[in-house]
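Before anything else, here's the structure in question.
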Amino acid sequence: MVVCLVGFWLFENFYTPDTYTAPEGVAPKVNIPFDFLPSSTTGEIVQHNYFTLSYSEKHEQAEWVAYQLDRNQLTYDDRTRPYFIEDPQVRTKSADYKNYKRSGYDRGHLCPAGDRRFSEYAYNETFYTSNISPQNREFNAGIWNELENTVRYWTKKYDGVYVITAGVLSDGLDSIGDEDVTVPAYFYKIVARRDGAEIKAIAFLFKNKESKSSLKSHVVTIDKIEQKTGIDFFEKLPNAMEDKFESTVILENWKF
DNA sequence: CTGAAGCAC
DNA sequence: GTGCTTCAG
């Protein structure tokens, strides 16, 4: 019996895929447009087929994940959750999912699996651990989930948005697991859309814990997120345009 | 929707 | 290791 189990384990381990593959062949790269890419403080940018990220090896997670969400990508296909695996495109390998086991924290998606149900590959891709951060259970299932649902609503209403999101990474924070995955104290999300020649954007900042206050009360300027993260968002856009919408909060541009 | 955890194989 | 079921916010 023991021999059988060991043999079974070896067999399975040998054939365990280390990457997700597109069943339909080569999936297209549908990334966030160049104009919307933030700066990278780590220099390690990874482009997946349906999202782009900047990985921080020091903190064993992304400092940002950016993706475009189109109206026609919002489907309700039933998908089976795959296992979280290390991102083969991160040179140093992203964190092993076991760091999170019994840590008390969720493996919180940055690019939500719920936004990527239109294909099996797109869905599976969100389960690379480079797209995962330690999130408080009540935060993830609560106001963070509420914001993700709101982003899907805006996607339908405004015909597509761009999303940039992650935890705020810095020294001195708690960590979990053998690889010391940093537990962010804050999470941010920036949502932008085109409106003719204009860009409209809104930014949110949350503590990594349960919140019972409204989404609106968590709206901040993009400047504020830049101060906390050291990341330059929308650096590829003309300065005049960038300065204008990064320093102000205009709630009227977004229907809640 | 967002997830964890236990158990058989 | 995977597959399946059960459970919670």
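How much length is gained if the chain between A:K101 and A:D174 is pulled fully straight, taking 0.36 nm per residue apart and subtracting their Cα-Cα distance, in nm to one decimal?
Values: separation 73, 0.36 × 73 = 26.28 nm, distance 1.55 nm.
Full extension of this stretch gives 24.7 nm more.
Mind checking which helices in chain A clear 15 Å along their axis (Cα) and have mean Kyte-Doolittle hydropathy of 0.5 or more, DSSP H runs only?
A:2-15
Sticking with this structure for a sec: Given 10 Å bins starting at zero, what is the percent of C-alpha pairs of region A:49-202 in each, up to the one with the largest pair distance?
Calculated P(r), rounded to whole percents: 11, 41, 35, 12, 1.
Need the list of aspartates and glutamates near A:K207 for cross-linking: C-alpha distance under 18 angstrom, and skip anything on the same chain fewer than eight residues off.
A:E63, A:D106, A:E138, A:E146, A:E148, A:D171, A:D174, A:D223, A:E226
Quick check: Cα centre of region A:139-196 to Cα centre of region A:219-250, how many Å?
If we compute the Cα centre of each part, the gap is 16 Å.
Right, another one. Out of all DSSP beta bridges in region A:30-247, what portion is antiparallel? Express it as a percent rounded to 5.
95 percent
Let me ask you something else. Do the sum for chain A: with -39,500 (n - 2.57) for every DSSP H run of n ≥ 4, divided by all residues, what is the mean residue ellipticity at 222 nm, to the nearest 500 deg cm²/dmol? Don't jump to the answer; show the numbers that get you there.
Working: 5 runs with 50 residues, N = 256.
That comes out to -5500 deg cm²/dmol.
To continue, here is another question. Could you work out how far apart the two model spin labels at A:E252 and A:T41 are, taking each label as a point 7 Å from the Cα in the direction of the beta carbon, and quote it in nm?
Using points 7 Å along Cα→Cβ, the separation is 3.5 nm.
Here is a follow-up. Identify the residues of region A:195-215 with backbone N under 17 Å of a label point that sits 7 angstrom from the Cα of A:A240 along the Cα-to-Cβ direction, or state none.
Counting backbone N atoms under 17 Å from the label point, the list is A:197-200.
Which pairs, out of A:K156/A:K212; A:K189/A:K228; A:K200/A:K224, put more than 21 Å between their alpha-carbon atoms?
Those over the limit are A:K156/A:K212.
Where a number appears in this text, it was derived from the coordinates with a stated rule and is not lab data. Please read these numbers as outputs of a predicted model, since none were measured by experiment. FYI the Cβ positions are ideal-geometry reconstructions off the backbone, even for glycines, and counts take in every protein chain you see.
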